[in-house]
Amino acid sequence: MYELIVVGGGPAGLAAACAAWDSGLRHILIVERDRELGGILNQCIHNGFGLTWFKEELTGPEYAHRFIELLARTGVEVRTDTMVLDVTADLRVHMTGPATGYRIERAKSVILAMGCRERTRGAIGIPGTRPAGVYTAGAAQRYVNVEGWLPGRRVVILGSGDIGLIMARRMTLEGAKVLACVEVMPYSGGLTRNIVQCLQDFDIPLYLSHTVTQIRGRDRVEQVVVSRVDEKRAPIPGTEMVFDCDTLLLSVGLIPENELTERAGVEMDPRTKGAVVYENMETSVPGVFTCGNVTHVHDLVDFVSAESQRAGTAAAKYVLHGPAAGESVSLKNGPGVSYTVPQRVRPQNVEKAFNVFFRVNRIFGKSEIVVRARERELCRFKRDRLAPGEMENITVPVKLLEGVTGDVTVEIREV
Amino acid sequence: MRELICIVCPRGCHMRVDGDLNVTGNFCPRGEAYAKAELTHPTRVVTSTVRITGAAYPRCPVKTAAPVPKEKIFDVMDAIGRVTLSAPVRVGQTVIEDVCGTGVAVVAAREMP
Ligand SMILES: Cc1cc2nc3c(=O)[nH]c(=O)nc-3n(C[C@H](O)[C@H](O)[C@H](O)COP(=O)(O)OP(=O)(O)OC[C@H]3O[C@@H](n4cnc5c(N)ncnc54)[C@H](O)[C@@H]3O)c2cc1C
Ligand code: SF4
């Protein structure tokens, strides 16, 4: 019987396991389906990781390496090449791999850290033929950075998420011509710094409020047609542009990988597509915690590490001292906010302050983030600019929740 | 007056720089340093991969240990493209000592046992 089993050995799982070890657990197992630890970071060879956490600008593999080294100093057991098939509500973890075969391990607590996967073309349905040469940006990233082959020479990118932007630069550096990055929304889905250093640095045009309306080609992509869209995201006839290209990369969003979570009977949040969590990353199933991209899609791994550390510490506390107590208040998204994590807070279980991550649903200029309980304002935070592509994060002192029952709302007011 | 977005950290401050290189809108001093460099001699860290034999994968990620002049990016890529390593490689190991006369080294960014 393990005190803790961590499902997934990406940055989330690594930070959670290290924190649980530091908090006193001694029987911890990480299960990772890939051949090695590190998760998606292994293919993210660009730099820009760790500025908050390590105060240094690291590449993805270097960031992973730092945590793998920290883990090596603990006694945490690791099983790679092993896939978790099921987690039950009574904390039995079903797994299979060539080394151990099919096994069921029991645990006193479980941390789900499976990360996310890319939305595929099927999920967004582009009309036209189905030739070779259409890849998700993350698949292309793996081909170029890990396997060492270039998926195409003339490229159009649909979607302006960070992976698409990063791949625009990467393919350009490797000698491909990136003709355009096309985004259906009126704003980019990626970090502003990536627009600057991945597109503008290489004069790659970004077409906002545009989408790919047709893919042409018999065996291989030969052309894609791009059209402008109206406010309802419907293509406007007569605005078509044709690009001669052999490759279309899709960077149209990430979806948390939550099949296991749902099967375990954990309450889900349709907004984040992850579990509903308390302030300590605990789910509705006692002893089951979640952290990282499986909980909500992060742009920055530093926040993943911070959140996962909280999950690891909380799992240790659960095992060593029993379940967290106290009534909870619910956090709701008010105008301008699309979701919050956590969704529930138990004031009794918070020492000084709790963190709230959220995303806004459009671009805001100078504005204030207002936290209120019904009509009573609890606190407000000033921001110069807010954008859906950049996750926001506020710290709320718990004493402000004194006497509050029911809901607490987070909303944006432009000033 | 020029508008500039700081790329030093994910905060992405929107800055303004006047003719005398006075910077406003930066949240921290690194933004000012970046803005001045960007308008006089812009630099970037280059990350890429080199061939490797005898490892689990055929490519090993590398990076320039410091930023290099922006106009040298493609020369640096050429130089990186000519290297083949053989496993094992340690993270931080020097791959090219002084790439394209920039005085900057290219180093491995991953353990490849
Ligand atoms: C292309 C790209 C670029 C990025 N750029 C930046 C950047 O510049 N700066 C930055 O700070 N952040 C960046 N990020 C974000 C950061 O990398 C992620 O937020 C972070 O990796 C998420 O960590 P995670 O552990 O939650 O997920 P992952 O890294 O996806 O790890 C999940 C792990 O779980 C394993 N797993 C899943 N299901 C199972 C199962 N059933 N059984 C066993 N194992 C399982 C997977 O194999 C994987 O190893 C980027 C992300 C991407 C995709
Ligand atoms: S000015 Fe400072 S805080 Fe703002 S983006 Fe640059 S480095 Fe980050």
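Take the Cα gyration tensor of region B:47-108, multiply each eigenvalue by 5, square-root it, and list the three semi-axes largest first, rounded to whole angstrom.
21, 11, 9
Calculate the dipole size of region A:325-415 relative to its Cα centre from +1 charges on Lys and Arg beta carbons and -1 charges on Asp and Glu beta carbons; express the result in debye to the nearest 20.
100 debye
Can you pull out the trypsin sites (Lys or Arg not before Pro) in region A:133-233 that DSSP calls coil and that have at most 13 other Cβ atoms within 10 Å?
Sparse-neighbourhood loop trypsin sites (Lys or Arg not before Pro): A:ARG153, A:ARG218, A:LYS232, A:ARG233.
Mind jotting down a quarter of the surface of the convex hull over the alpha carbons of region A:287-342, in square nanometres, one decimal?
So the Cα hull casts an average projection of 4.8 nm².
How high is the relative contact order of chain A, in percent, counting Cα pairs under 8 Å that sit 6 or more residues apart?
Computed over chain A, the figure is 16 percent.
What pairs from B:LYS36/B:LYS72; A:LYS55/B:LYS63; A:LYS108/A:LYS317; A:LYS232/A:LYS366; A:LYS352/A:LYS382; A:LYS177/B:LYS72 go past 23 Å between their alpha carbons?
From the list (B:LYS36/B:LYS72; A:LYS55/B:LYS63; A:LYS108/A:LYS317; A:LYS232/A:LYS366; A:LYS352/A:LYS382; A:LYS177/B:LYS72), the Cα-Cα distance tops 23 Å for A:LYS232/A:LYS366.
Expressed as an acute angle from 0 to 90° and rounded to the nearest 10, what is the orientation of the C-alpha long axis of helix A:60-72 relative to the principal long axis of chain A?
In chain A, helix A:60-72 runs at an angle near 20 degrees to the longest axis.
Going by C-beta contacts inside 10 Å, put B:SER86, A:SER367 in order with the fewest on the left.
Fewest-to-most ranking of B:SER86, A:SER367: B:SER86, A:SER367.
If the convex hull of the alpha-carbon atoms of the protein assembly as shown is projected onto planes in all directions, what is the mean projected area in square nanometres?
Its Cα hull, projected and averaged over all orientations, spans 26.0 nm².
What is the magnitude of the charge dipole of region B:47-108 about its Cα centre, with +1 placed on the Cβ of each Lys and Arg, -1 on the Cβ of each Asp and Glu, and no other charges, expressed in debye to the nearest 20?
For region B:47-108, the charge dipole is close to 240 debye.
At most 12 other Cβ atoms within 10 Å and a DSSP loop assignment: could you name the GluC sites (Glu not before Pro) in region A:330-389 that fit?
Answer in residue order: A:GLU351, A:GLU375.
At 7 Å along the Cα-to-beta-carbon direction for both A:ASP86 and B:ASP98, put a label point, then send me their distance in nm to one decimal.
6.5 nm
When Lys and Arg each count +1 and Asp and Glu each count -1, what net charge do the other residues less than 10 Å away from B:THR24, Cβ to Cβ, add up to?
So the environment of B:THR24 carries a net charge of -1.
What FRET efficiency comes out for B:ASN22 versus A:ASN393 if R0 is 41 angstrom and r is the Cβ-Cβ distance? Round to the nearest 0.05.
Efficiency, rounded to the nearest 0.05: 0.85.
How far is helix A:162-173 tilted, in degrees, relative to the longest principal axis of the Cα atoms in chain A, given as a value from 0 to 90 rounded to the nearest 10?
50 degrees
Nearest 10 degrees is fine. How inclined is helix B:29-40 to the longest principal axis of chain B, computing both from alpha carbons?
90 degrees
Which of the chymotrypsin sites (Phe, Trp or Tyr not before Pro) across region A:48-110 are loop residues per DSSP, with 13 or fewer other Cβ within 10 Å?
A:TYR102
With the contact rule set at Cα under 8 Å and sequence spacing of 6 or more, what percent relative contact order holds for region B:47-108?
Computed value for region B:47-108: 38 percent relative contact order.
Quick one: order A:ILE30, A:ILE5 by neighbouring beta-carbon count within 10 Å, fewest to most.
Lowest count first: A:ILE30, A:ILE5.
Normalised by the residues of chain B, what does the relative contact order come to in percent, with Cα pairs under 8 Å and at least six apart?
20 percent
Take A:ARG263 and A:GLN348, extend 7 Å from each Cα along the Cα→Cβ direction, and tell me the distance between the two endpoints in nm.
For the pair A:ARG263/A:GLN348, the computed spacing is 3.5 nm.
Region A:287-361 to region A:190-244: how many Å between their Cα centroids?
37 Å
Going by C-beta contacts inside 10 Å, put A:PHE358, A:PHE289, A:PHE243 in order with the fewest on the left.
With the sparsest Cβ surroundings first, the list reads A:PHE243, A:PHE358, A:PHE289.
Just so you know, all these numbers are worked out from the coordinates, no wet-lab data involved. Since the structure is predicted, the reported quantities are computational estimates derived from the model, not experimental observations. Note that we place each Cβ from the backbone using ideal geometry, even for glycine, and neighbour counts take in every protein chain shown.
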